[in-house]
1. What distance in nm lies between label points placed 7 Å from Cα along the C-beta direction at H208 and R99?
2. Charges on Cβ only, +1 for Lys and Arg, -1 for Asp and Glu, centred on the Cα centroid of the chain; of G71, Q28, I359, which one is farthest towards the dipole's positive end?
3. If packing is taken as the average count of other Cβ atoms within 10 Å, what order do 363-374, 47-58 fall into, highest mean first?
4. With axes computed from alpha carbons, what is the tilt in degrees of helix 258-267 against the longest principal axis of the chain, rounded to the nearest 10 within 0 to 90?
5. Which of these, A86, A96, A262, has the largest mean-square fluctuation under a Gaussian network model of the chain (Cα springs below 10 Å)?
6. Counting only protein heavy atoms and using a 1.4 Å probe, what share of the accessible area of the chain belongs to carbon plus sulfur, as a whole percent?
7. Compute the relative contact order of the chain as a whole-number percentage, counting only Cα pairs closer than 8 Å that sit 6 or more residues apart in sequence.
8. With only Lys, Arg, Asp and Glu charged, each at its Cβ (+1 for the first two, -1 for the last two), find how big the charge dipole of the chain is about the Cα centre; round to the nearest 20 debye.
Amino acid sequence: MTEPSPYLSGLVLTGRRVVVVGGGGVAQRRLPRLLETGAQIDVISPAITPTIEGLLTNPDLRWVERGYTPGDLEGAWYVVVATDDAEVNDQVSAEAEERRIFCVRSDDRSRATAWTPASGQHDHVTIGVLGAGDHRRSAAVRDAILEELRTGALGARDSLDKQPGVYLVGGGPGDPDLITVRGRRLLAEADVVVADRLAPQQLLDELHPEVELIDAAKLPRGRSAQQEEINRILVDRALAGKLVVRLKGGDPYVFGRGFEEAIACAEAGVTWTVVPGITSSISVPAVSGIPVTHRGVTHEFTVVSGHIPPDHPDSLINWAALAQLTGTLVLLMAVENLPKITATLMEHGRPAATPAAVIADGTLPGQRMVTADLATIAETAQSAGLGAPAIVVIGDVVDVAAQVRR
């Protein structure tokens, strides 16, 4: 027998009663998206999963702590039947049919009057796929469409939602797969990309041919784009009606001068948005096997910029106080000044035997790491030829990681 051809339609359930009969795994999967619609949802079941119980803080969700009884569908617009009792499911779907309420059945789609598509949402676009009962195929097609939308490969540059302005995008630690979904989509929509040296360079090869790419690299002791000129470019292009992506490594606000650019945009009346990124201070140690925190070892971690030495008059860091901490210390931009930093930490009480690591080119194919103690880590890194960009980790978590590497 040929399966009926469904008519796809989007239900507006905001403020309308929806009944879910059953409180197990199926109901748990269905409820989050139903709650997003703003429906008034009653879950009728003697028991519910802990996750559903956690959702009861939402005022749109109510738990009726008993089994189904005839008349429970009074005033409902939509019903989801999700129990493991076929007799109860038959009773609920029979009442739904009598009341002309569309009803989904988790156990037998042939006896339902509505089917739940494999669905997903991206911005203001909702995707729903029905695959003639083949749920794996439906999910695969949905996922493929969503991935194309999220990466910008599908219709991004022509999107009606495309908003001009400046987007301060964190590109993550370097691996192009570690940028956020939103960051990657904005690159696909961009008219102008102003990119840092530490931004994921492979992503630039994916830009549309019409995108204006501006190099904003700042090389240590070398050629360096001036921040004032970067600010001017961002404002100029945005005022011209362009969608401008300021692509940075890590997170825009973690030693990335991102908020300076936000201030420049605000002062010029330019719309700006920050898109956070995965900071290298956490992610690079993580992919190297080092957790910045570990139960019973450390209760804190501190991220410090090492771009100027401890004795510099412009330093804002209380190195003496840092030396007294027992937790993890993560240093960014510290390779050049590492000898002075380690000496200062030891001078103020950090034990010379404290485990330490230096990780260069984190998350990239050429990533390298050396470990030593605090007294010798600077010399060890120099002997190994490790240079910037690199992350320095100081603390007992380095030894915790060694347990896994053995």
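The values are calculated or read from the model by the stated rules, or taken from the named source; none is laboratory data. Only a predicted model underlies this, so the values are computations on that prediction, with no experimental measurement involved. Neighbour counts run over all protein chains shown; Cβ positions are idealised from the backbone, glycine included. Note: accessible area is taken over every heavy atom of the protein model, side chains too, but ligands, DNA and RNA are not part of it. Shrake-Rupley method; radii C 1.70, N 1.55, O 1.52, S 1.80 Å.
1. 4.9 nm
2. Most positive-ward Cα: I359.
3. Numbers: 363-374: 16.9, 47-58: 13.2.
The peptides rank, most packed first, as 363-374, 47-58.
4. With both axes taken from Cα atoms, the answer is about 70 degrees.
5. Maximum among the listed residues: A86.
6. Values: 11130 of 21290 Å².
Summing carbon and sulfur atoms, their accessible area is 52 percent of the total for the chain.
7. On the way: 774 pairs, mean separation 40.5, N = 406.
So the answer I get is 10 percent.
8. Values: 37 positive and 51 negative charges, 55 e Å.
Roughly 260 debye for the chain.
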